[in-house]
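Everything below concerns the one structure shown next.
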Amino acid sequence: MAAKPPRRTPQRILEAARALYNRFGEPNISTTRIAAELGISPGNLHYHFATKNALLDALLADDLAALDAVLAQAPAVRHVDEAWQCVQAQLALAHQYRFLLRDLNELLSRNRQLEQRVQAMMARQTAAARALLEGLVHGGDAQIAPAEIDDLATALVLVLNGWHNFAFARAPRLALEASQAPQTLAEGVGRAMGLLAPCLTPTARDTLARLRQAAESGPEGPPLATPGPAAAMAPATPPAARSLATG
């Protein structure tokens, strides 16, 4: 079998930046730290991405391209198992780029163009959520009054975009561990789809219950337990991470 071609430097930079941003937060990571992670010079990194904003723009472009591919599936949804897959794909993508939502206020304060792109992204997400809900109605799995679809679509997008922040705030130390990701994802999909439960037909509701049970009791175990007061008050970012911004 032929060996895979080596990844190009820009791709390696983006992957390293995303991993560091996800773990420590974008404001806490400098381009110097990213270069050190890759074993390249800062000058080499800046040859490909002149500024930190250029690096952020490239990561956002990758995220939005992947998200648009996922959202394109929504109009074809007719049944609750298809809706589950669509919601799961969106939440998995949000996990891959979770720093964008976790650090959003800070990022928006520095980048006007980012604000416009995020607003457009949320508009597309909401339109896709409406299409998904209308598809469930047309497929006979849900009964939703037309006047209620907009509110339910907005609530669904809110959960999809806010779930990882909620999970991080609930258990900061656990949320940093890669081993917790499957549990967090399974619970998040279940919570998002749970918004639809009151609108589903009895048969579709039974299907949703089976999907939630299978996801949340898989080989990774049950969803994250809510920590006690001491764990909940622990700092969200390890002290050592704060020094990375000046590395």
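Taken together, the values in this text are just the output of simple stated rules run on the coordinates, not laboratory data. As the structure is a prediction and not an experimental result, all values here were calculated from the model. With ideal geometry, Cβ positions are generated from the backbone for all residues, glycine too; neighbour counts draw on all protein chains shown.
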Can you tally the net charge around ALA127? Count Lys and Arg as +1, Asp and Glu as -1, for every other residue whose Cβ sits under 12 Å from the Cβ of ALA127. -1
Extended-chain gain in nm, criterion 0.36 nm per residue less alpha-carbon gap, ARG110 and THR154: 13.2 nm
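Quick one: net charge around SER41, please, counting Lys, Arg +1 and Asp, Glu -1 for every other residue with C-beta under 14 Å from its C-beta. Spell out each step's value before the answer.
Numbers: positive: ARG12, ARG33; negative: GLU37.
That sum, taken over residues with Cβ under 14 Å, equals +1.
Based only on the alpha carbon positions, what is the Kirkwood hydrodynamic radius of the stretch 8-50, in angstrom? Could the numbers behind the result be given before it?
On the way: mean 1/r = 0.0989 Å⁻¹.
Mean inverse Cα-Cα distance, inverted, gives 10.1 Å.
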